[in-house]
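The values are calculated or read from the model by the stated rules, or taken from the named source; none is laboratory data. Keep in mind it's a predicted model, so treat the numbers as computed, not measured. Quick reminder, even Gly has a Cβ in these numbers, built from the backbone with ideal geometry, and neighbours come from all protein chains shown.
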Amino acid sequence: MQPMLKRHCRPNCGCALASESATEFVLKVTRACNLTCSGCYEKLGADSMSPRVVDKFIARLSEHCARYPDVKITVVLHGGEPMCFGIRRIEELVSGLYDRIGADRISVKMQSNGTLITPAIARRLYNLDVGVGVSIDGLAPAHNAARPLARVGKSSFDLAMRGFYALKDAGALTKWLCVISPRQDSRGQWLPEVDPVKTTEFLLGLNAPEADFILPHATWNKPPRNPALYAQWLIEAAQVYWGAPSQGCTRIRLFEEMCRLMAGDCVSALFGLGLMREPVFIDTLGRYCLHDSLRI
């Protein structure tokens, strides 16, 4: 299979970006964002995916689907903040995918900070059959500290919750994602805004279909401040999850995958075990780019 667009990796990098097994494609439709998140690894900017690049992607994906007619494809709209791409352009992109490939062959998802989603936009996304995940980093103080608005004056938490409930009411919500940031005071007590019990109870109370806790990005050169602190936070959060009466309503992927591994399963995409089909990442210029976890 020829590269779908334009390769942007070093030769022989081993990432198999255009492999025959590719079933998930992450489109960085824009580098623009209305938040200035403390843990963001993206190089934000004003540029977005042009109509030419969108058309080229749809054409090459159509060829891929024609070659492998039994493959079910997932396209994830990512950014930046994909809503900065504009709802009309999102509608054109998704409609183009459905028209060229067929709605029965493709599933479209989007990961958003939720702040730009109104009830009207949520209904339009539902009509497009686009499932949306919303990033909510716990309680309001923690979320606002981690995800401040680029323009000061409003709470990003309030706007994110408005978007979350708009999507939920419209039937377009798929999950919440929470980047944890455990911190303790000098006595070894959790700071109130990041308390794992209160945070998990709040998030489970949102009754999303699925959910996940995510660790902040770290490398060997920039390791986490205190790895044991993250472990302790997750242990306390897991105790709440498994003990909650409403636990069956929301599936937290991290904890479910841990349990599957402890039960003897040897394959987990989350923990990098087994032969997995990695997503293909495509940037705003139509170039293949490295998996997000390799770009920090």
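Among the residues of region 145-156, are any more than 22 Å from Glu24 (Cβ to Cβ), among the charged types (D, E, K, R), in a loop (DSSP other than H, G, I, E, B) and touching a Ser or Thr at 6+ places or on another chain (Cβ under 6 Å)? Break it down into steps so the answer makes sense when it comes.
Step one: of region 145-156, the residues more than 22 Å from Glu24 (Cβ to Cβ) are 145-156.
Adding the requirement that they be among the charged types (D, E, K, R) leaves 147, 151, 154.
Restricting the remaining residues to those that are in a loop (DSSP other than H, G, I, E, B) gives 147, 151, 154.
Cutting the leftovers down to touching a Ser or Thr at 6+ places or on another chain (Cβ under 6 Å) gives us 147.
Yes, region 145-156 contains a residue that is more than 22 Å from Glu24 (Cβ to Cβ), among the charged types (D, E, K, R), in a loop (DSSP other than H, G, I, E, B) and touching a Ser or Thr at 6+ places or on another chain (Cβ under 6 Å).
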Residue match in region 43-53 (condition: in contact with a Lys or Arg (Cβ under 9 Å, 6 or more places away or on another chain), over 24 Å from Leu149 (Cβ atoms), at pLDDT 85 or above and charged (D, E, K, R)) = no
Considering only residues of region 136-182 that are without any contact (Cβ under 8 Å) to a residue 24 or more places away in the chain and under 22 Å from Arg253 (Cα atoms), which is surrounded by the most Cβ atoms within 10 Å (Cβ to Cβ)?
-> His143
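When the residues of region 132-151 are narrowed to those that are among the charged types (D, E, K, R) and within 19 Å of Leu191 (Cα to Cα), which ends up modelled with the highest pLDDT?
Taking region 132-151 first, the residues among the charged types (D, E, K, R) are 137, 147, 151.
Narrowing the set further to residues that are within 19 Å of Leu191 (Cα to Cα) leaves 137, 147.
Numbers: Asp137: 96, Arg147: 93.
Of everything passing the filter in region 132-151, Asp137 is modelled with the highest pLDDT.
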What residue, among those in region 237-266 that are assigned to a loop (DSSP other than H, G, I, E, B) and surrounded by 12 or more Cβ atoms within 10 Å (Cβ to Cβ), is modelled with the lowest pLDDT?
-> Asp265
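Restricting to region 123-144, name every residue that is over 30 Å from Gly102 (Cβ atoms) and assigned to a loop (DSSP other than H, G, I, E, B).
Of region 123-144, the ones over 30 Å from Gly102 (Cβ atoms) are 135-144.
Within region 123-144, Ile136, Asp137, Gly138, Leu139 meet the criteria.
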Could you list, in sequence order, all residues of region 59-84 that are of a type in the set (A, V, I, L, M, F, W, C) and more than 27 Å from Ser135 (Cβ to Cβ)?
-> Ala59, Cys65, Ala66, Val71
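crowded, with 19+ Cβ neighbours inside 10 Å, at pLDDT 95 or above and out of contact with any Cys (no Cβ under 9 Å at 6 or more places or on another chain), is that true of Ala122? Show your work before the answer.
On the way: crowded, with 19+ Cβ neighbours inside 10 Å: yes; at pLDDT 95 or above: yes; out of contact with any Cys (no Cβ under 9 Å at 6 or more places or on another chain): yes.
Answer is yes for this residue.
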Do you know which residues across region 79-91 are of a type outside the set (A, V, I, L, M, F, W, C) and crowded, with 21+ Cβ neighbours inside 10 Å?
-> Gly79, Gly80, Glu81, Pro82
Could you tell me which residue of region 183-215 is surrounded by the fewest Cβ atoms within 10 Å (Cβ to Cβ), considering only residues that are under 20 Å from the mean Cα position of the chain (by Cα) and of a type in the set (Val, Ile, Thr)?
-> Ile214
Out of the residues in region 136-182 that are under 16 Å from the mean Cα position of the chain (by Cα) and charged (D, E, K, R), which is farthest from Leu229 (Cα to Cα)?
-> Lys175
Only residues that are part of a strand (DSSP E or B) and modelled with pLDDT of 95 or more: list them for region 180-209, please.
-> Trp190
When region 92-145 is examined, which residues are found to be farther than 21 Å from Cys33 by Cβ and among the small types (Gly, Ala, Ser)?
-> Ser95, Gly96, Gly102, Ala103, Ser107, Ala120
Checking Ala218 against (1) at pLDDT below 95; (2) under 14 Å from Trp233 (Cβ atoms); (3) under 18 Å from the mean Cα position of the chain (by Cα); (4) not β-branched (Val, Ile, Thr), which test does it fail?
-> (2)
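Can you confirm whether region 273-282 contains a residue that is within 22 Å of Leu77 (Cβ to Cβ), touching a helix residue (DSSP H, G or I) at 6+ places or on another chain (Cβ under 8 Å), at pLDDT 80 or above and not in a helix (DSSP H, G or I)?
yes
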By residue number, the members of region 87-137 that are on the phi > 0 side of the Ramachandran plot and of a type in the set (D, E, K, R) are Asp129
Mind checking which residues of region 119-165 are touching a Lys or Arg at 6+ places or on another chain (Cβ under 7 Å), of a type outside the set (Asp, Glu) and within 18 Å of Lys198 (Cβ to Cβ)?
-> Leu139
